[in-house]
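Report on the structure given below.
The values are calculated or read from the model by the stated rules, or taken from the named source; none is laboratory data. Remember, it's a predicted structure, so these values are computed and weren't measured experimentally. Note that each Cβ is placed from the backbone with ideal geometry, even for glycine, and that neighbours are counted across all protein chains shown. These accessible areas exclude ligands, DNA and RNA; they are computed on the full protein's heavy atoms, side chains included. Shrake-Rupley method; radii C 1.70, N 1.55, O 1.52, S 1.80 Å.
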Amino acid sequence: MYSVTHTKKRRANNPITYVDPDGFAEIRFHLYANSAANYGPQQFQSFLTGGPVANTRSNRFEFMGHNATFHTNKRSGMADISKSLNVPNAAVIFYGHSAFEKGTGRLLGLLDTNTPGKVGISTDKLGGMLKASKAAVVFLAACSSSQFAEGTDGPSTVVGLLSPNKTTNENAVSQALSAFVDTLVGVDSNGNLVGSGPGTIQDAVNAANKVLEQYKMEDRFKVIQGDPNRRLE
């Protein structure tokens, strides 16, 4: 566990290796799904934020020099996602639903956060948004979200979910998302150091997939686009 005497060292500017080497990367959470019947986005936000790191008044994001913003308002969800993708060097974490065509099962896009059954952002539009994204890391926790970034070849490192059955266990995915964040930030929600500190995006993906494996699921997160060896610092 980190102590109050820990001082985070600033690194020389090396944007090829680090997402934000100065330690002030924005983390934008978009939480629109319920991981359990009585556990909605607000409860998930509290869990992800956690309490103060030992001997400090800072939560883990503040302690590691990151500004975390949580979006849970379903009315403005689609617009908020678009804005976050335009924040330079941000980490954008999405937890929501995909929309599929009835009968064919074809992926249509992200399900609208405010209108049940409606496509909020189409697959083609989201692919274009990811290609033009200024964010450094985009983590899409939604069924078959790996398809959104296929062939886009943009500057962001995009992580999507491979869902063979086009459905998933929301509780398991929420826990996998938490493991991803723990590893990427380097401190878990209890204020404990994870490994030797902030991991790479691939390290974070591996941690997320270990959770899915524990549930004996076929679903897996995968880096679809960009550099998997980046770190959020």
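Using just the helices of the chain, give the 222 nm mean residue ellipticity in deg cm²/dmol: DSSP H runs with n ≥ 4 each add -39,500 (n - 2.57), and the total is spread over all residues, rounded to 500.
Mean residue ellipticity at 222 nm (helix-derived): -7500 deg cm²/dmol.
At a 10 angstrom cut-off on C-beta neighbours, averaged per residue, how do the peptides 34-47, 66-79, 140-153 rank from highest to lowest?
Per-residue Cβ counts within 10 Å, averaged per peptide and sorted highest first, yield 140-153, 66-79, 34-47.
Would you mind working out the magnitude of the charge dipole of the chain relative to its Cα centre, with +1 at each Lys and Arg C-beta and -1 at each Asp and Glu C-beta, to the nearest 20 Debye? Numbers along the way, then the final one.
Values: 23 positive and 19 negative charges, 51 e Å.
The calculation lands at about 240 debye.
Can you compute the modelled spin-label distance between residue 69 and residue 165, with each label point 7 Å from Cα toward Cβ, in nm?
The answer from the label model is 3.7 nm.
If the reach is capped at under 29 angstrom between alpha carbons, list the lysines near residue 222, excluding any in the same chain fewer than eight residues apart.
Counting by Cα, and skipping residues close in sequence, residue 222 has these lysines nearby: 74, 83, 102, 118, 125, 131, 134, 166, 210.
Could you please report the charge total around residue 112, scoring K, R as +1 and D, E as -1 over all other residues with beta-carbon less than 9 angstrom from its beta-carbon?
Values: positive: 74, 118; negative: none.
Value of the local net charge: +2.
Within 10 Å, count the other beta carbons around each residue, average over each peptide in 195-206, 114-125, 54-65, and list them highest first.
Peptide ranking by packing, descending: 195-206, 54-65, 114-125.
In region 22-177, what percent of the accessible surface is made up of carbon and sulfur (1.4 Å probe, ligands and nucleic acids excluded)?
Details: 3200 of 6810 Å².
Of the solvent-accessible surface of region 22-177, carbon and sulfur hold 47 percent.
Which order do the peptides 99-111, 160-172 take when ranked by the mean count of other beta-carbon atoms within 10 Å per residue, highest first?
Working: 99-111: 15.5, 160-172: 17.1.
Descending mean neighbour count gives 160-172, 99-111.
In nanometres, what is the gap between the two model label sites at residue 229 and residue 206, each 7 Å from Cα along Cα-to-Cβ?
1.4 nm
Label points 7 Å out from Cα along the Cβ direction at residue 37 and residue 76: separation in nm?
3.3 nm
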